[in-house]
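> Just dropping this structure here.
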Amino acid sequence: MATVLDGIRVVEVADWGFVPSAGTALGDWGAEVVKIEHPRHGDPIRGLVTGGVIPGASGRNFIVEQIGRHKRSVGLDLATDDGRAVLYRLIERADVFLTNFLPDARTRLRITYDDLKRVNPRLVYAKGHGQGARGPDARRGGYDGVSFWARGGIADRLSPPGGYVQQRPAFGDFIGGMCIAGGVAAALFHRERTGEGIELDVSLLGTAMWVLSPDITAALLYERMLPTAAEMRIVPNPLVGNYVCQDGRTIVLMMLQSERFWPHFAETVERTDLLTKYPTPEARQNGRQELADELARHFRTRPRAEWEEVLRRSECIWGPLQTPIELANDPQVVANGYLLDSPAHDGPVRVCANPVQFGGAPPAVARAAQDAGAQTEEVLLELGCSWEDIARWKDAGVIA
(Lines give C-alpha, C1' and ligand atoms only; values in the text may rest on other atoms or scores of the structure.)
Protein backbone atom coordinates (compact mmCIF):
# COMPACT_ATOMS: atom_id res chain seq x y z
CA MET A 1 0.00 0.00 0.00
CA ALA A 2 1.37 3.41 -0.99
CA THR A 3 0.57 5.93 1.78
CA VAL A 4 1.28 9.06 -0.25
CA LEU A 5 -0.29 11.32 2.39
CA ASP A 6 1.54 9.76 5.32
CA GLY A 7 2.07 12.47 7.94
CA ILE A 8 -0.77 14.69 6.69
CA ARG A 9 -3.21 15.55 9.46
CA VAL A 10 -6.86 16.16 8.62
CA VAL A 11 -9.52 17.62 10.91
CA GLU A 12 -13.07 16.85 9.74
CA VAL A 13 -15.92 19.01 11.03
CA ALA A 14 -18.62 17.66 8.76
CA ASP A 15 -21.78 15.57 8.90
CA TRP A 16 -23.61 13.21 6.52
CA GLY A 17 -21.88 11.69 3.49
CA PHE A 18 -20.56 14.33 1.11
CA VAL A 19 -17.56 15.91 2.84
CA PRO A 20 -16.90 12.96 5.20
CA SER A 21 -16.41 10.71 2.16
CA ALA A 22 -13.52 13.00 1.17
CA GLY A 23 -11.99 12.35 4.59
CA THR A 24 -12.30 8.63 3.91
CA ALA A 25 -10.44 8.92 0.60
CA LEU A 26 -7.68 10.97 2.24
CA GLY A 27 -7.45 8.29 4.93
CA ASP A 28 -7.15 5.62 2.24
CA TRP A 29 -4.16 7.57 0.93
CA GLY A 30 -2.46 7.57 4.31
CA ALA A 31 -3.64 10.76 6.03
CA GLU A 32 -4.45 10.81 9.74
CA VAL A 33 -8.09 11.92 10.12
CA VAL A 34 -9.73 13.22 13.30
CA LYS A 35 -13.50 13.57 13.03
CA ILE A 36 -15.19 16.09 15.32
CA GLU A 37 -18.72 15.15 16.38
CA HIS A 38 -21.16 16.72 18.79
CA PRO A 39 -20.61 15.07 22.21
CA ARG A 40 -24.29 14.19 22.67
CA HIS A 41 -25.74 13.89 19.16
CA GLY A 42 -22.85 12.67 17.01
CA ASP A 43 -23.03 12.78 13.24
CA PRO A 44 -26.74 12.49 12.30
CA ILE A 45 -25.87 9.92 9.63
CA ARG A 46 -25.36 7.47 12.49
CA GLY A 47 -29.12 7.44 13.08
CA LEU A 48 -30.26 6.66 9.54
CA VAL A 49 -30.47 2.90 10.06
CA THR A 50 -31.74 2.85 13.64
CA GLY A 51 -34.30 5.49 12.71
CA GLY A 52 -35.66 3.32 9.91
CA VAL A 53 -34.99 6.00 7.30
CA ILE A 54 -33.43 3.57 4.79
CA PRO A 55 -35.74 0.66 3.85
CA GLY A 56 -34.05 -2.73 4.00
CA ALA A 57 -31.23 -1.63 6.33
CA SER A 58 -30.96 -2.90 9.89
CA GLY A 59 -28.32 -3.51 12.54
CA ARG A 60 -24.92 -2.07 11.67
CA ASN A 61 -24.92 1.21 9.78
CA PHE A 62 -23.52 0.45 6.33
CA ILE A 63 -22.75 4.08 5.45
CA VAL A 64 -20.86 4.64 8.71
CA GLU A 65 -18.84 1.47 8.07
CA GLN A 66 -17.98 2.74 4.58
CA ILE A 67 -17.03 6.35 5.35
CA GLY A 68 -16.02 6.06 9.02
CA ARG A 69 -12.89 3.99 8.44
CA HIS A 70 -9.46 5.42 9.27
CA LYS A 71 -10.99 8.13 11.46
CA ARG A 72 -10.62 8.81 15.15
CA SER A 73 -13.81 10.31 16.56
CA VAL A 74 -13.67 13.15 19.08
CA GLY A 75 -16.83 14.36 20.81
CA LEU A 76 -16.48 18.14 21.09
CA ASP A 77 -19.02 20.95 21.53
CA LEU A 78 -17.73 23.73 19.28
CA ALA A 79 -20.36 26.13 20.58
CA THR A 80 -18.40 26.45 23.83
CA ASP A 81 -15.26 28.49 24.37
CA ASP A 82 -13.38 25.47 25.74
CA GLY A 83 -14.50 23.28 22.84
CA ARG A 84 -13.40 25.87 20.31
CA ALA A 85 -10.06 26.24 22.08
CA VAL A 86 -9.47 22.49 21.79
CA LEU A 87 -10.34 22.62 18.09
CA TYR A 88 -7.86 25.45 17.58
CA ARG A 89 -5.16 23.34 19.21
CA LEU A 90 -5.92 20.61 16.67
CA ILE A 91 -5.84 23.17 13.86
CA GLU A 92 -2.41 24.45 14.94
CA ARG A 93 -0.86 21.14 13.92
CA ALA A 94 -3.29 20.20 11.12
CA ASP A 95 -2.69 20.31 7.38
CA VAL A 96 -6.29 20.06 6.16
CA PHE A 97 -9.66 21.17 7.49
CA LEU A 98 -12.84 19.66 6.00
CA THR A 99 -16.29 21.09 6.62
CA ASN A 100 -19.81 21.22 5.23
CA PHE A 101 -21.23 23.50 7.93
CA LEU A 102 -23.33 26.31 6.48
CA PRO A 103 -21.87 29.84 6.34
CA ASP A 104 -23.92 31.17 9.26
CA ALA A 105 -22.93 28.21 11.46
CA ARG A 106 -19.26 28.59 10.58
CA THR A 107 -19.40 32.28 11.40
CA ARG A 108 -21.20 31.65 14.69
CA LEU A 109 -18.72 28.92 15.71
CA ARG A 110 -15.76 31.01 14.52
CA ILE A 111 -14.46 28.31 12.19
CA THR A 112 -14.46 30.27 8.92
CA TYR A 113 -11.36 30.20 6.76
CA ASP A 114 -10.33 33.61 8.08
CA ASP A 115 -10.74 32.37 11.67
CA LEU A 116 -8.65 29.26 11.17
CA LYS A 117 -6.09 30.92 8.90
CA ARG A 118 -5.14 33.10 11.84
CA VAL A 119 -4.47 29.94 13.85
CA ASN A 120 -2.59 28.16 11.04
CA PRO A 121 -1.68 30.15 7.88
CA ARG A 122 -0.58 26.95 6.09
CA LEU A 123 -3.97 25.28 6.49
CA VAL A 124 -5.79 23.83 3.47
CA TYR A 125 -9.45 24.64 4.12
CA ALA A 126 -11.97 22.60 2.08
CA LYS A 127 -15.70 23.41 2.04
CA GLY A 128 -18.45 21.29 0.57
CA HIS A 129 -21.90 22.76 0.04
CA GLY A 130 -25.11 22.35 -1.91
CA GLN A 131 -25.36 25.13 -4.45
CA GLY A 132 -22.01 26.96 -4.49
CA ALA A 133 -20.28 29.67 -2.46
CA ARG A 134 -21.97 32.59 -4.23
CA GLY A 135 -25.47 33.46 -5.41
CA PRO A 136 -28.94 33.67 -3.81
CA ASP A 137 -28.89 30.08 -2.51
CA ALA A 138 -25.30 30.02 -1.25
CA ARG A 139 -26.37 30.07 2.40
CA ARG A 140 -28.99 27.34 2.00
CA GLY A 141 -28.42 23.71 2.86
CA GLY A 142 -28.59 20.91 0.33
CA TYR A 143 -28.52 17.13 0.12
CA ASP A 144 -27.32 15.25 -2.93
CA GLY A 145 -30.85 14.02 -3.69
CA VAL A 146 -31.81 17.64 -4.38
CA SER A 147 -28.70 19.69 -5.20
CA PHE A 148 -26.98 17.00 -7.26
CA TRP A 149 -29.67 14.65 -8.49
CA ALA A 150 -32.70 16.88 -9.06
CA ARG A 151 -31.41 20.42 -9.48
CA GLY A 152 -28.27 19.24 -11.27
CA GLY A 153 -30.26 17.61 -14.09
CA ILE A 154 -29.15 14.03 -13.45
CA ALA A 155 -32.65 12.79 -12.59
CA ASP A 156 -34.15 14.39 -15.70
CA ARG A 157 -31.77 12.57 -18.02
CA LEU A 158 -32.10 9.17 -16.30
CA SER A 159 -35.85 9.16 -15.57
CA PRO A 160 -38.43 7.88 -18.08
CA PRO A 161 -40.68 10.51 -19.69
CA GLY A 162 -43.24 11.61 -17.14
CA GLY A 163 -41.53 9.66 -14.33
CA TYR A 164 -38.89 10.26 -11.69
CA VAL A 165 -36.09 7.87 -10.72
CA GLN A 166 -34.74 8.35 -7.20
CA GLN A 167 -30.98 8.24 -6.74
CA ARG A 168 -29.22 5.55 -4.73
CA PRO A 169 -27.91 6.34 -1.21
CA ALA A 170 -25.14 8.98 -1.17
CA PHE A 171 -24.74 8.71 -4.95
CA GLY A 172 -23.85 12.35 -5.52
CA ASP A 173 -22.14 12.64 -2.14
CA PHE A 174 -19.43 10.12 -2.95
CA ILE A 175 -18.72 11.57 -6.40
CA GLY A 176 -18.45 15.03 -4.87
CA GLY A 177 -16.30 13.68 -2.04
CA MET A 178 -13.72 12.41 -4.51
CA CYS A 179 -13.69 15.87 -6.11
CA ILE A 180 -12.92 17.38 -2.70
CA ALA A 181 -10.15 14.83 -2.08
CA GLY A 182 -8.58 15.65 -5.43
CA GLY A 183 -8.86 19.35 -4.69
CA VAL A 184 -7.17 18.86 -1.33
CA ALA A 185 -4.29 17.00 -2.98
CA ALA A 186 -3.83 19.87 -5.45
CA ALA A 187 -4.03 22.42 -2.61
CA LEU A 188 -1.34 20.54 -0.66
CA PHE A 189 0.86 20.69 -3.75
CA HIS A 190 0.20 24.44 -3.96
CA ARG A 191 1.23 24.78 -0.31
CA GLU A 192 4.37 22.76 -0.94
CA ARG A 193 5.39 25.20 -3.68
CA THR A 194 4.33 28.47 -2.04
CA GLY A 195 4.25 27.74 1.70
CA GLU A 196 0.73 29.15 1.82
CA GLY A 197 -2.56 27.54 2.72
CA ILE A 198 -5.62 28.00 0.53
CA GLU A 199 -9.40 27.70 0.63
CA LEU A 200 -11.23 25.44 -1.82
CA ASP A 201 -14.91 24.85 -2.59
CA VAL A 202 -16.85 21.96 -4.11
CA SER A 203 -20.63 22.01 -4.46
CA LEU A 204 -23.03 19.18 -5.20
CA LEU A 205 -24.63 21.28 -7.95
CA GLY A 206 -21.25 21.92 -9.58
CA THR A 207 -20.39 18.23 -9.28
CA ALA A 208 -23.63 17.29 -11.06
CA MET A 209 -22.86 19.69 -13.90
CA TRP A 210 -19.41 18.15 -14.32
CA VAL A 211 -20.91 14.65 -14.40
CA LEU A 212 -23.60 15.77 -16.87
CA SER A 213 -21.33 18.09 -18.87
CA PRO A 214 -21.65 16.21 -22.20
CA ASP A 215 -25.46 16.59 -22.08
CA ILE A 216 -25.27 20.21 -20.92
CA THR A 217 -22.67 21.22 -23.50
CA ALA A 218 -24.65 19.52 -26.28
CA ALA A 219 -27.92 21.16 -25.21
CA LEU A 220 -26.36 24.62 -25.22
CA LEU A 221 -24.53 24.02 -28.50
CA TYR A 222 -27.47 22.53 -30.43
CA GLU A 223 -30.23 24.40 -28.56
CA ARG A 224 -31.97 21.09 -27.87
CA MET A 225 -31.40 18.18 -25.52
CA LEU A 226 -29.91 14.87 -26.63
CA PRO A 227 -32.54 12.11 -26.55
CA THR A 228 -32.63 9.73 -23.61
CA ALA A 229 -32.52 5.98 -24.22
CA ALA A 230 -36.29 5.81 -23.71
CA GLU A 231 -36.83 8.41 -26.45
CA MET A 232 -34.81 6.54 -29.11
CA ARG A 233 -37.19 4.70 -31.44
CA ILE A 234 -34.42 3.09 -33.50
CA VAL A 235 -31.23 1.60 -32.10
CA PRO A 236 -28.37 3.84 -33.33
CA ASN A 237 -25.72 1.09 -33.03
CA PRO A 238 -26.51 -2.62 -32.48
CA LEU A 239 -23.08 -3.09 -30.91
CA VAL A 240 -23.99 -0.64 -28.13
CA GLY A 241 -26.82 -1.99 -26.03
CA ASN A 242 -28.12 -4.49 -23.51
CA TYR A 243 -28.92 -8.06 -24.49
CA VAL A 244 -30.81 -10.48 -22.26
CA CYS A 245 -29.47 -14.03 -22.21
CA GLN A 246 -31.26 -17.38 -21.86
CA ASP A 247 -31.18 -17.25 -18.05
CA GLY A 248 -32.60 -13.72 -17.87
CA ARG A 249 -29.25 -12.12 -17.08
CA THR A 250 -27.90 -9.34 -19.26
CA ILE A 251 -24.78 -8.69 -21.33
CA VAL A 252 -23.92 -5.08 -22.19
CA LEU A 253 -22.07 -4.34 -25.44
CA MET A 254 -20.17 -1.06 -25.84
CA MET A 255 -18.38 -0.98 -29.17
CA LEU A 256 -18.69 2.65 -30.22
CA GLN A 257 -16.53 2.11 -33.33
CA SER A 258 -18.95 -0.38 -34.80
CA GLU A 259 -17.30 -0.84 -38.18
CA ARG A 260 -13.99 -1.59 -36.52
CA PHE A 261 -15.59 -4.37 -34.48
CA TRP A 262 -18.30 -5.85 -36.71
CA PRO A 263 -16.19 -8.52 -38.49
CA HIS A 264 -14.48 -9.60 -35.26
CA PHE A 265 -17.73 -9.57 -33.26
CA ALA A 266 -19.64 -11.55 -35.88
CA GLU A 267 -16.94 -14.21 -35.91
CA THR A 268 -16.81 -14.28 -32.09
CA VAL A 269 -20.53 -14.93 -31.66
CA GLU A 270 -20.64 -17.27 -34.69
CA ARG A 271 -22.89 -15.03 -36.79
CA THR A 272 -20.78 -14.30 -39.86
CA ASP A 273 -23.98 -14.76 -41.84
CA LEU A 274 -24.91 -11.24 -40.74
CA LEU A 275 -21.91 -9.90 -42.67
CA THR A 276 -23.22 -11.64 -45.77
CA LYS A 277 -26.73 -10.29 -45.27
CA TYR A 278 -25.47 -6.78 -44.43
CA PRO A 279 -22.18 -6.63 -46.36
CA THR A 280 -21.43 -2.88 -46.28
CA PRO A 281 -21.36 -0.15 -43.63
CA GLU A 282 -24.32 1.49 -45.38
CA ALA A 283 -26.30 -1.75 -45.28
CA ARG A 284 -25.54 -2.22 -41.60
CA GLN A 285 -26.52 1.36 -40.86
CA ASN A 286 -29.82 1.06 -42.73
CA GLY A 287 -30.52 -2.32 -41.11
CA ARG A 288 -29.38 -1.43 -37.60
CA GLN A 289 -32.75 -2.12 -35.96
CA GLU A 290 -33.06 -5.50 -37.68
CA LEU A 291 -29.50 -6.35 -36.65
CA ALA A 292 -30.25 -5.42 -33.03
CA ASP A 293 -33.37 -7.57 -33.06
CA GLU A 294 -31.41 -10.51 -34.49
CA LEU A 295 -28.69 -10.14 -31.88
CA ALA A 296 -31.34 -10.04 -29.16
CA ARG A 297 -32.70 -13.40 -30.37
CA HIS A 298 -29.18 -14.81 -30.65
CA PHE A 299 -28.13 -13.88 -27.11
CA ARG A 300 -31.23 -15.62 -25.77
CA THR A 301 -29.91 -18.97 -27.05
CA ARG A 302 -27.32 -19.35 -24.26
CA PRO A 303 -27.00 -18.47 -20.57
CA ARG A 304 -24.85 -15.48 -19.71
CA ALA A 305 -21.98 -17.52 -18.27
CA GLU A 306 -21.46 -19.18 -21.66
CA TRP A 307 -21.53 -15.84 -23.45
CA GLU A 308 -19.01 -14.49 -20.96
CA GLU A 309 -16.59 -17.31 -21.81
CA VAL A 310 -17.02 -16.61 -25.53
CA LEU A 311 -16.61 -12.85 -25.27
CA ARG A 312 -13.71 -13.01 -22.79
CA ARG A 313 -11.62 -14.77 -25.46
CA SER A 314 -12.26 -11.89 -27.87
CA GLU A 315 -11.27 -8.24 -28.12
CA CYS A 316 -14.89 -7.10 -28.00
CA ILE A 317 -15.85 -4.40 -25.48
CA TRP A 318 -18.54 -5.79 -23.21
CA GLY A 319 -19.48 -6.36 -19.60
CA PRO A 320 -22.05 -8.18 -17.49
CA LEU A 321 -24.92 -6.22 -15.97
CA GLN A 322 -24.29 -7.01 -12.30
CA THR A 323 -25.89 -6.46 -8.91
CA PRO A 324 -23.92 -5.13 -5.92
CA ILE A 325 -23.85 -8.66 -4.48
CA GLU A 326 -22.42 -10.08 -7.72
CA LEU A 327 -19.64 -7.48 -7.73
CA ALA A 328 -17.96 -9.15 -4.76
CA ASN A 329 -17.09 -12.16 -6.94
CA ASP A 330 -16.15 -10.25 -10.08
CA PRO A 331 -12.62 -11.46 -10.95
CA GLN A 332 -11.47 -7.92 -11.66
CA VAL A 333 -12.78 -6.67 -8.32
CA VAL A 334 -10.94 -9.48 -6.54
CA ALA A 335 -7.69 -9.10 -8.50
CA ASN A 336 -7.50 -5.33 -7.98
CA GLY A 337 -8.55 -5.21 -4.34
CA TYR A 338 -11.55 -2.97 -4.90
CA LEU A 339 -13.16 -4.43 -1.78
CA LEU A 340 -11.35 -3.99 1.54
CA ASP A 341 -11.66 -5.83 4.84
CA SER A 342 -12.41 -3.37 7.62
CA PRO A 343 -11.36 -4.92 10.96
CA ALA A 344 -14.40 -4.00 13.07
CA HIS A 345 -14.43 -5.16 16.71
CA ASP A 346 -17.51 -7.35 16.18
CA GLY A 347 -16.30 -8.94 12.96
CA PRO A 348 -14.78 -7.68 9.69
CA VAL A 349 -16.87 -5.66 7.28
CA ARG A 350 -16.22 -5.51 3.56
CA VAL A 351 -16.11 -1.92 2.32
CA CYS A 352 -15.31 -0.33 -1.03
CA ALA A 353 -11.92 1.23 -1.72
CA ASN A 354 -11.73 4.62 -3.35
CA PRO A 355 -10.80 4.11 -7.04
CA VAL A 356 -7.31 5.68 -6.91
CA GLN A 357 -4.39 3.30 -6.36
CA PHE A 358 -0.75 4.29 -5.89
CA GLY A 359 2.23 2.04 -6.52
CA GLY A 360 0.05 -0.69 -8.01
CA ALA A 361 -1.58 -1.63 -4.70
CA PRO A 362 -4.97 -1.06 -3.07
CA PRO A 363 -5.23 0.75 0.28
CA ALA A 364 -5.62 -1.10 3.55
CA VAL A 365 -7.98 -0.26 6.41
CA ALA A 366 -5.91 0.35 9.52
CA ARG A 367 -8.90 1.42 11.62
CA ALA A 368 -12.54 0.45 11.25
CA ALA A 369 -15.36 2.94 11.82
CA GLN A 370 -15.50 4.00 15.45
CA ASP A 371 -18.32 4.90 17.82
CA ALA A 372 -19.00 8.62 18.22
CA GLY A 373 -16.43 10.17 20.53
CA ALA A 374 -14.52 6.92 21.03
CA GLN A 375 -11.05 8.53 20.80
CA THR A 376 -11.80 11.78 22.63
CA GLU A 377 -9.48 11.15 25.57
CA GLU A 378 -6.77 9.65 23.36
CA VAL A 379 -6.61 12.69 21.09
CA LEU A 380 -6.82 15.21 23.94
CA LEU A 381 -3.95 13.56 25.77
CA GLU A 382 -1.87 13.77 22.58
CA LEU A 383 -2.57 17.52 22.56
CA GLY A 384 -1.11 17.78 26.05
CA CYS A 385 -4.42 18.18 27.89
CA SER A 386 -4.41 16.98 31.49
CA TRP A 387 -6.78 14.48 33.06
CA GLU A 388 -8.04 17.35 35.21
CA ASP A 389 -8.95 19.29 32.07
CA ILE A 390 -10.66 16.24 30.59
CA ALA A 391 -12.69 15.63 33.75
CA ARG A 392 -13.75 19.28 33.94
CA TRP A 393 -14.79 19.36 30.29
CA LYS A 394 -16.76 16.14 30.66
CA ASP A 395 -18.65 17.54 33.62
CA ALA A 396 -19.44 20.68 31.63
CA GLY A 397 -20.61 18.70 28.57
CA VAL A 398 -17.84 20.12 26.39
CA ILE A 399 -16.51 16.68 25.41
CA ALA A 400 -17.91 13.20 25.11
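> On the given criteria, is ASP173 within 25 Å of the chain's Cα centre (by Cα) and either without any contact (Cβ under 8 Å) to a residue 12 or more places away in the chain or more than 18 Å from GLY132 (Cβ to Cβ) (or both)?
Values: within 25 Å of the chain's Cα centre (by Cα): yes; either without any contact (Cβ under 8 Å) to a residue 12 or more places away in the chain or more than 18 Å from GLY132 (Cβ to Cβ) (or both): no.
Taking the combined requirement at face value, the residue does not satisfy it.
> Separate question: Under 6 Å between Cβ atoms, which residue pairs at least 6 apart in sequence (or on different chains) link something in region 232-255 that is of a type in the set (Val, Ile, Thr) with a partner that is in a loop (DSSP other than H, G, I, E, B) and open to solvent by 40 Å² or more (accessible area, probe 1.4 Å)?
Pairs that qualify, where the first residue is of a type in the set (Val, Ile, Thr) and the partner is in a loop (DSSP other than H, G, I, E, B) and open to solvent by 40 Å² or more (accessible area, probe 1.4 Å), are THR250/LEU321; VAL252/LEU321.
> In region 155-170, what count of residues is obtained for those that are buried (at least 19 other Cβ atoms within 10 Å of the Cβ) and either closer than 13 Å to GLY206 by Cβ or free of Cβ contacts under 8 Å to residues at least 24 places away in the same chain (or both)?
Number satisfying all stated conditions: 1.
> Continuing with this model, one more query. Quick one: which helices (runs of 4 or more DSSP H) sit completely within region 7-123 and have at least 1 residues that are at pLDDT 95 or above, open to solvent by less than 20 Å² (accessible area, probe 1.4 Å) and farther than 22 Å from GLY197 by Cβ?
18-28, 62-67, 81-92
> Does at least one position in region 284-299 carry a residue that is of a type outside the set (Gly, Ala, Ser), open to solvent by 100 Å² or more (accessible area, probe 1.4 Å) and either within 18 Å of ASN242 (Cα to Cα) or within 30 Å of the chain's Cα centre (by Cα) (or both)?
So far as region 284-299 goes, yes, one or more of its residues are of a type outside the set (Gly, Ala, Ser), open to solvent by 100 Å² or more (accessible area, probe 1.4 Å) and either within 18 Å of ASN242 (Cα to Cα) or within 30 Å of the chain's Cα centre (by Cα) (or both).
> Same structure again: What pairs can you find where one residue is in region 103-120 and touching a residue at least 60 places away in the same chain (Cβ under 8 Å), the other is in a helix (DSSP H, G or I) and open to solvent by 30 Å² or more (accessible area, probe 1.4 Å), and their Cβ atoms are less than 9 Å apart, with a gap of 6+ or different chains?
ASN120/TYR88; ASN120/GLU92
> Please name all residue pairs, on different chains or six or more residues apart, with Cβ atoms under 6 Å, provided the first residue is in region 261-272 and is open to solvent by 30 Å² or more (accessible area, probe 1.4 Å) and the second residue is aliphatic (A, V, I, L, M) and in a helix (DSSP H, G or I).
THR272/ALA266
> Let me ask something else about it. Is it fair to say ALA187 is out of contact with any Cys (no Cβ under 9 Å at 6 or more places or on another chain) and open to solvent by less than 40 Å² (accessible area, probe 1.4 Å)?
Criteria met by ALA187.
> Hey, another quick one. Looking at region 218-248, which of its residues are in a helix (DSSP H, G or I) and open to solvent by less than 70 Å² (accessible area, probe 1.4 Å)?
Residues satisfying the conditions are ALA218, ALA219.
> Next question, about the same structure. Keeping to region 373-383, report how many residues are open to solvent by 50 Å² or more (accessible area, probe 1.4 Å) and touching a residue at least 40 places away in the same chain (Cβ under 8 Å). Talk me through it step by step, then tell me what you get.
Initially, region 373-383 is screened for residues open to solvent by 50 Å² or more (accessible area, probe 1.4 Å), giving 374, 377-378, 381-382.
Those still in the list that are touching a residue at least 40 places away in the same chain (Cβ under 8 Å) too: 374, 378.
Number satisfying all stated conditions: 2.
> In region 124-154, which residue that is more than 19 Å from PHE97 (Cβ to Cβ) and out of contact with any Gly (no Cβ under 9 Å at 6 or more places or on another chain) is most open to solvent (accessible area, probe 1.4 Å)?
Top of the filtered list is ARG134.
> Okay, next question. Exactly one of (1) free of Cβ contacts under 8 Å to residues at least 24 places away in the same chain; (2) touching a helix residue (DSSP H, G or I) at 6+ places or on another chain (Cβ under 8 Å) is unmet by LEU291. Its number?
(1)
The values are calculated or read from the model by the stated rules, or taken from the named source; none is laboratory data. Quantities reported herein were computed from a predicted structural model and do not represent experimental measurements. Note: ideal-geometry Cβ built from the backbone for every residue, glycine included; neighbour counts use all protein chains shown. These area figures cover heavy atoms from the full protein model, side chains too; ligands, DNA and RNA do not enter into them. Shrake-Rupley method; radii C 1.70, N 1.55, O 1.52, S 1.80 Å.
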